[in-house]
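Remarks on the structure that follows.
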Amino acid sequence: MKISYKWLKDYVNLDVDPKILEDHLTFAGIEVEAIEHIGEDLKQFIVAEVLSAQKIEGSDHLQVCMVNDGGEEPVQVVCGAPNCRTGLKVAFAPVGSIIGGEFKIKKAKLKGYASHGMICSAKELGISEDHDGIMELDTKASIGQDLASYLDFNDIVYDVEITPNRPDLLGIIGVARDLSALYHKELHLPQAKEWNTYDDVNDSLKLEIQNQDKCSRYLATVIKNVEVKESPDWLKKRLIAVELRPINNIVDITNFILMETGHPIHAFDYDKLAGKKIIVRDAFENESFPALNGEVYKLSQDDLVIADGDKAIGLAGVMGGANSEITLNTQNIVIESACFNYATVRRTSQRHKLFSDSSYRFERGLSSETPVFTKDRAIDLILDLAGGQLQQGSLDVYPNPDLAKIEVELRPARVELLLGAHIPLVEIKSYLKALGLELITESSEKIKYKIPHFRGDLLREIDLIEEIVRLHGYNNIPVKTSPQGIMNHKHFRLERKIKDLMVTAGLYEVINLTLFDPDNLNKLRLSEDDFRRRLVELKNPQSNVLRAMRTTLITNLLNCTEYNINRGNKDVRIFELNKIILNNSDKTTEERKSLTALLSGNRFDNYWKDKSTKCDFYDVKGIVEDLFTEVNLTISYTPSQEKFYTENHSLDIICKKLKIGSFGQIDPKIAKSFNIDTVELKQDVYILDIDLTQILEIMDFSKRDFQEINKFPNVYRDISFNVNSDIKVSDIISTIEVVNKAVVKNVSLMDEYKGKNIPKGKRSLMFSLTLNSENKTLTDKFTEQLMQKVIQSLEKNYNIEMR
Amino acid sequence: MKDKLQQIIDKAESELNSITTKPELLNAKSRIIGKKSELNSLMKNIKDVAPEDRREFGQLINEAKDYLQQLIDSRTQIIDELIYNEQVASSRIDLTMPGRRTVQGGLHPLTQIWREVEDTFLSMGFEIADGFDVEDEFHNFDALNTPKDHPSRNLADTFYVEDNILLRTQTSTVQIRTMENYQPPIRIIAPGRCYRNDKMDASHSPVFHQVEALVVDENISFADLKDTLNIFVQTMFGQNIKSRIRPHFFPFTEPSAEIDISCVSCGGSGCRICKNSGWLEMGGAGMVDPAVLESVGIDSEKYTGYAFGLGIDRITMLKYNIPDMRILFENDLRFLKQYR
Ligand SMILES: [Zn+2]
C-alpha cells in the first residue's frame, strides 16, 4: 500500500525526517519496501509562456508557437491543442525530457516546421484525466520555474507491506494512529461538521438486507443536487501521490475516504435506481452485471450484489456497476457505507478474477463500526466540494452490533515475564490508549481493556503484549547476556575437519600419552638447538620413559608402528592430532597443536581384484595437498632441512614465508633405531608433520572465493615426450602454463615412464591440458596453434623429444 | 504376378528364419526390400502393365512390401532378444565375492566419545573452553579451595615440573581460568587431559581424560545440576539410564556429590561390571563453593553455580565395552579398526 508523508501529517504532527520515518515504520512492523519521491519527474517540465501561436497552412489544428521557457532565446514548438494561444502560461516539456516514464521528447519536424519540445496536457503529465487541451497555468506563474515547485508537488510516498492481521493499517489514519502511539503524539481525526438537512431520507429510498451473513451492516445516505465536477488541487494531489487517478469530485471523494480510512465506500447515481430502493441480496445464477471497468460478469448465487428494484447495481465490496455510475450529469447520489463478509468478497473476487482496492481491503476483514465514520466523512467532503442537499438521517441496517465489543485482560507482570524487560506501567498504558484501547477496570494485578472495533486482531493478552513490545521497540529490549566468546569455534571446527580429512584419506587415529622418553629425540638426529629440545621435564617422574612432556608426535608414531608391526599389523596408516608442550626460555610453557601422520606398507587393504601397492612419497604428498586445499592456503615446498628424512625424499612446507611442516621418507637407519627394519619388511616409512597452531594463526576462515562456472566447454589435449630425468615436472607445468595463461586452465601429469624404449637418463612424461576461454568456444584451429606453441616452448627450454 | 510375389515372400520368410546376427539381417533387408531387390525391380515394371491394372498392381506390391517389412521387424526383435539373453548369460558373476570397501581410516574411540560429549553439551547451550596441561598450583589447588596440606598435593599423587608448576590433576582448573576472564553468565564445558601419578593398569593411567562442566549465573540451583546431568546421561547412554548423586566431599564445591549412573550392562540388577551394586561411578559434582567464586572476584551472593567432572575414558569404556584402560593407549590397529 502507498502511504504519503504529507497525508500522514494531516493526522499526526510528524517531526521526523522522512528517511528516519522509514526505519521507524519498518521497526514498528510496517515494512517499507520502497520510497518514492513524488514530483521528481515533474521537475523536468517548465512553466513557459506562449509568445505567439499561428495556424499552419494545410492543417486543421496544428499551430506553430514561439515559447518563452525562461531561456535566452524563445523556442519554436508545434502544438495541436485548440486552447493554445498567445499569452497563455503553459507546462512545457523541453527536448530530452521524458513523459509518462517512457516517451522521450526529441527534436521533430511537423508540416515543415521544427518543433523543439512539447506543450503538455494535464493527463500527459499524470496530474488529472483532463485531456481536452493543454494545461492552462495561472497567469501569475513565474516563467522558468519547474512544474513540481509550481504545483507544489513534493511528497514522499512509502510503499509498505501490510501484514494480513492488520486491516486497520490499510488506511492512512490507521498508520497515523500507530505513529501517534509510537511517538506519544496526539492523533487528529477529522471531526464531523453540522449540516442543514432537508427531507427525510425515508421518503427517498428504501433499504433491505436479504443476506445478513454476508453483509453485517449497510448505511445509505442520500444527497441531492450535487455538482459533479473536477476536484480541487489538494484532493487530486492526495490521490496522485498514492497512484490513484482523479476522475470527478464524487468519485475522488470515495477514493480519498478509502485511502484515508482503509474502508471502501461507494456512490450510486440515485436517479438510475429503479424503484428507489437498495436491496443487498444473493445474485441470481447467471445474472449479468456490467461493472465499472467496462466488463460484464456472469454472476453465481454465491456472489452478493447490491441491487435496485430490478437489477444488480454493485458487486458487493468488489466493484460498482456501470448502470449506476456517477457521471458529470449526475445530480442526486446515494452513498453506501457498508461492511461485507471477507470470505464472500474473497470468493467473488477470485471467481471473477476481479481485484480492486475495495476487494483487497474487504477480504482482509473490516470493522462494522467504521461505516459510521466513513459516512460522516463522505457527507462533509461532498457537501463541501460538490454542494447539494443532505437528506435527513441515514438508512442503517446493522443486525448484530454486539459482535464488535471485545474485552481483554492484561497482567503487567506477564509483560515483564514474557519480554524479559521492565516496561513502566505508564508507558504500557500510554501505548494501548494511543492505539484506541479503552481502559475499563484496573487492579494491581490486571487491567481490563475494551478493544476498539477496528482492531479485530486483538483478542488475547498475548496480542496486547505484542503491541506493547512493537511500540516499545524490539531494539529496546535488552539482550540477555548469555555465555559467549569463550569457545574458540575456529580451532574447534578446524580440528574436527582435519581429523575427518585424515580418516577419509584412510588413516586411523591413535592417541598416545603426553609423557615420553626424550632420549628418542637423539634418535631423530635433532640438533642441540632444535626447538624440540626445549623440554618440560617432570621433577618426580614415574619412570624414565615417561619423564618429559613430548615436544613432537613423531617418536610416538614410530613407537606405535613398531608395536603394530610386531603384532602382525604391517600396513600402518596412522595419525595423531594432539598437543606438544615446549619450554620457553623464561620458564613458561607453550602448548601447541601438532598433526603427525605415518604411512608404511600397503596403500590399501588387499583386495582380490587389485594388485597391492606400497605407500610412497606421493601418497604423503597427496595428503598434504588435500589438507591445504581444505584449509584454503597456498603453499610451496623447499627441500627439507630435517635430518630424520632420507636425503632427496622430503620437503618442507612453506606458507606465507613460514615453515609450517615437513613430510618425507624416514631415513631407514632412523627407522631401524626404532626397531623398524625397512629392508627386511620391504616397506619404507613416510611421515607428515604439521604445526597446526601455525595454520590456525595464518588461515582466513571468512574468505572463500566463488569462481564463475564457465559456460563454454573445456577442451582437453594430451602431450607426451621424452625429456632428461633431471628436468622437474613443476618447471615443465609452469612453462606450459605461461604459453597462454588465460586459456590453459590446468596441466596435470598423466604418466611417467622410464626403462624399455626410453634412452638412459631420460623419462617419458605425459601431460593432459585443460583449455578454456571465458568468452568463446575454442576452435580446432586455435587449439592446434596453441599446442604448437607449447611444443616449441618445451623444445626450446627442455630439449624435449615428442613421442 | 501374384505368384511371383508369393514366391518372393516365401523365399524371404525362409531366408529370415535362419538369420541370427544383426549384420546378416541388414544384408538380408537390402536383398529383400532394398533398391536392388527383386521386389523393387518388379515395381519398375509397372509401366508395362495395362493402365487400368496399374492401380491394383501397385497396391499388391505395397502390401507385399509392408508384409516383408513386418517380417524383418519381428526378426529384429527376435535377434535383439537373443543378443540380450547371450549378454546376461555370459556376464554371470560370483555374488559371494567380497565388495570393494572405500579406503577409510577411523577416529580413535576416545575421540568419537569426546565428540559425542561435546555435541551433547553444545546442544544444551554450553560453550567449549580450553585449558593448559601444564598448570600452576594456584589454578589447580589454591583457587579451588584446596588446603595447603591436602594429600592430593603430594608428590606421590601429582606430577610436578617446578615447585609450584605441575601437570593438572583435574580439568577444574579451567573453571578458574574461565571465571578469571569472563563474567557470569558462564556456561562451559572443558574437555581435556589430566595427569595423576598412578601406575598404568586396567582402570588407571597416569594420563587420562576428563570433561568439566561449569555453570554460573543468577538463580542456578542444585536442581539445575541434576537436570543437566540427567539429560547428559540419557543422551549418552539412553533413556533408560538413571543418574543419582550422593553426598561426597570436594574442596571446591559445597554441597558436593558423586555421580552414579544405573549400570549400562545389567540395567541395575547387578553384574560383574557394577560389582553387583547396579550403579556405576561416573564422576564428581556440586555447587561451586562461594569461596571459589570470591577468589576469582565473582559476587557469591548474586551468583551461584554448579560444576561437575566426568571421565571420558570411563564413558568410552562403558559405551564400547572395553574391559581394560590400557587398550585405549596401545593403538593396536586391530582394535582401532573395530570402532571405525
Ligand atoms: Zn551391572
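The values are calculated or read from the model by the stated rules, or taken from the named source; none is laboratory data. Predicted, not measured: the structure shown is a model, and the values here were computed from it. Glycine also receives a Cβ, built like all others from the backbone with ideal geometry; neighbour counts cover every protein chain displayed. Heads up: the accessible areas ignore ligands, DNA and RNA and are worked out on the full protein's heavy atoms, side chains in. Shrake-Rupley method; radii C 1.70, N 1.55, O 1.52, S 1.80 Å.
Would you check which residues across the stretch A:489-504 are hydrophobic (A, V, I, L, M, F, W, C), touching a residue at least 40 places away in the same chain (Cβ under 8 Å) and either at the interface with chain B (Cβ under 7 Å from one of its Cβ atoms) or surrounded by fewer than 19 Cβ atoms within 10 Å (Cβ to Cβ) (or both) and list them?
A:LEU501, A:MET502, listed by residue number.
When you check A:LYS450 against the structure, is it exposed (fewer than 15 other Cβ atoms within 10 Å of the Cβ), more than 14 Å from chain B (Cβ to nearest Cβ) and either not aromatic (Phe, Trp, Tyr) or not in a helix (DSSP H, G or I) (or both), yes or no?
So A:LYS450 fits the description; yes.
I'm checking my understanding of the structure. Among residues of the stretch A:543-563 that are over 58 Å from the mean Cα position of the chain (by Cα) and open to solvent by 40 Å² or more (accessible area, probe 1.4 Å), which one is nearest to A:THR588 (Cα to Cα)?
A:ARG547
Evaluate the stretch B:146-158: report whether one residue or more is at pLDDT 90 or above and open to solvent by less than 60 Å² (accessible area, probe 1.4 Å).
yes
For a quick check of your reading: which strands (runs of 3 or more DSSP E) sit entirely within the stretch A:676-781 and have at least 3 residues that are of a type in the set (A, V, I, L, M, F, W, C) and open to solvent by less than 40 Å² (accessible area, probe 1.4 Å)?
Per the criteria, A:685-691, A:715-724, A:762-771.
Take B:PHE126 and decide whether it is facing another protein chain (nearest Cβ under 10 Å) and crowded, with 19+ Cβ neighbours inside 10 Å.
Here the answer is yes, as B:PHE126 does meet what is asked.
Give the stretch B:298-319 a look and list any residue that's touching a residue at least 12 places away in the same chain (Cβ under 8 Å), away from the ligand (no atom under 16 Å from the Cβ) and either more than 14 Å from chain A (Cβ to nearest Cβ) or open to solvent by less than 10 Å² (accessible area, probe 1.4 Å) (or both), or say none.
Answer for the stretch B:298-319, where residues must be touching a residue at least 12 places away in the same chain (Cβ under 8 Å), away from the ligand (no atom under 16 Å from the Cβ) and either more than 14 Å from chain A (Cβ to nearest Cβ) or open to solvent by less than 10 Å² (accessible area, probe 1.4 Å) (or both): B:ILE298, B:THR304, B:GLY305, B:TYR306, B:ALA307, B:PHE308, B:GLY309, B:LEU310, B:GLY311, B:ILE312, B:ASP313, B:THR316.
Among (1) of a type outside the set (Lys, Arg); (2) more than 17 Å from A:LEU681 (Cα to Cα); (3) surrounded by 22 or more Cβ atoms within 10 Å (Cβ to Cβ); (4) more than 9 Å from chain B (Cβ to nearest Cβ), there is one condition A:ASN584 misses while meeting the rest; what is its number?
(3)
Would you pick out the residues in the stretch A:393-418 that are under 17 Å from A:ALA220 (Cα atoms) and among the acidic types (Asp, Glu)?
A:ASP396
In the list B:VAL174, B:VAL215, B:VAL207, which residue meets the criterion of being within 9 Å of another protein chain (Cβ to nearest Cβ), touching a Gly at 6+ places or on another chain (Cβ under 6 Å) and either of a type outside the set (D, E, K, R) or open to solvent by less than 40 Å² (accessible area, probe 1.4 Å) (or both)?
Going through B:VAL174, B:VAL215, B:VAL207 in turn, the sole match is B:VAL215.
A:LYS672 versus (1) at pLDDT below 95; (2) open to solvent by 50 Å² or more (accessible area, probe 1.4 Å); (3) not hydroxyl-bearing (Ser, Thr, Tyr): which is the lone unmet condition?
In the conditions (1) at pLDDT below 95; (2) open to solvent by 50 Å² or more (accessible area, probe 1.4 Å); (3) not hydroxyl-bearing (Ser, Thr, Tyr), A:LYS672 misses (1) alone.
If you scan the stretch B:220-277, which residues turn out to be of a type in the set (Val, Ile, Thr), farther than 29 Å from B:ALA143 by Cβ and within 16 Å of the ligand (Cβ to nearest atom)?
B:ILE241, B:ILE261, B:VAL264, B:ILE273
Would you tally the residues in the stretch A:1-34 being open to solvent by less than 60 Å² (accessible area, probe 1.4 Å), out of contact with any Leu (no Cβ under 6 Å at 6 or more places or on another chain) and in a strand (DSSP E or B)?
Residues flagged as open to solvent by less than 60 Å² (accessible area, probe 1.4 Å), out of contact with any Leu (no Cβ under 6 Å at 6 or more places or on another chain) and in a strand (DSSP E or B) within the stretch A:1-34 amount to 4.
Could you count how many residues in the stretch B:278-297 are over 26 Å from B:ALA223 (Cβ atoms) and within 16 Å of the ligand (Cβ to nearest atom)?
Total meeting the criteria: 0.
Yes/no per residue for (1) part of a loop (DSSP other than H, G, I, E, B); (2) open to solvent by less than 10 Å² (accessible area, probe 1.4 Å); (3) at pLDDT 95 or above:
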| position | (1), (2), (3) |
| --- | --- |
| A:SER216 | no, no, no |
| A:VAL222 | no, yes, yes |
| A:LYS237 | no, no, no |
| A:ILE240 | no, no, no |
| A:PRO246 | yes, yes, no |
| A:GLU260 | no, yes, yes |
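For residues that are in a helix (DSSP H, G or I) and either open to solvent by 20 Å² or more (accessible area, probe 1.4 Å) or within 28 Å of B:ARG334 (Cα to Cα) (or both), tally how many sit in the stretch A:509-529.
Total meeting the criteria: 4.
Inspect the stretch A:296-304 for any residue being outside any strand (DSSP E or B), among the hydroxyl-bearing types (Ser, Thr, Tyr) and farther than 19 Å from A:SER337 by Cβ and give the result as yes or no.
Yes: one or more hits.
Hey, among A:ASN540, A:ASN564, A:ASN544, which residue is over 21 Å from B:PHE335 (Cα atoms) and free of Cβ contacts under 8 Å to residues at least 24 places away in the same chain?
Going through A:ASN540, A:ASN564, A:ASN544 in turn, just one is over 21 Å from B:PHE335 (Cα atoms) and free of Cβ contacts under 8 Å to residues at least 24 places away in the same chain: A:ASN540.
Tell me, which residue of the stretch A:319-331 that is closer than 22 Å to A:PRO246 by Cβ and buried (at least 19 other Cβ atoms within 10 Å of the Cβ) is farthest from the chain's Cα centre (by Cα)?
Step by step, filter the stretch A:319-331, then rank; the result is A:THR330.
From the list A:LYS123, A:LYS140, which residue is part of a loop (DSSP other than H, G, I, E, B) and touching a His at 6+ places or on another chain (Cβ under 9 Å)?
A:LYS123
Take B:ASP136 and tell me if it is within 42 Å of the chain's Cα centre (by Cα) and assigned by TED's automatic domain parsing to the domain that holds B:GLN210.
The answer is yes for B:ASP136.
Does the stretch A:315-324 contain any residue that is assigned to a helix (DSSP H, G or I) and not small (Gly, Ala, Ser)?
The answer is yes, given that some residue of the stretch A:315-324 is assigned to a helix (DSSP H, G or I) and not small (Gly, Ala, Ser).
What are the pairs, 6+ residues apart or on separate chains, where a residue within the stretch B:268-286 that is among the acidic types (Asp, Glu) has its Cβ under 8 Å from a residue that is more than 7 Å from the ligand (Cβ to nearest atom)?
Pairs found: B:GLU281/B:GLU258; B:GLU281/B:ILE259; B:GLU281/B:ASP260.
Would you pick out the residues in the stretch A:587-608 that are over 24 Å from A:GLN694 (Cα atoms), surrounded by fewer than 20 Cβ atoms within 10 Å (Cβ to Cβ) and more than 9 Å from every other protein chain (Cβ to nearest Cβ)?
Passing the criteria: A:ASN602, A:ASN606.
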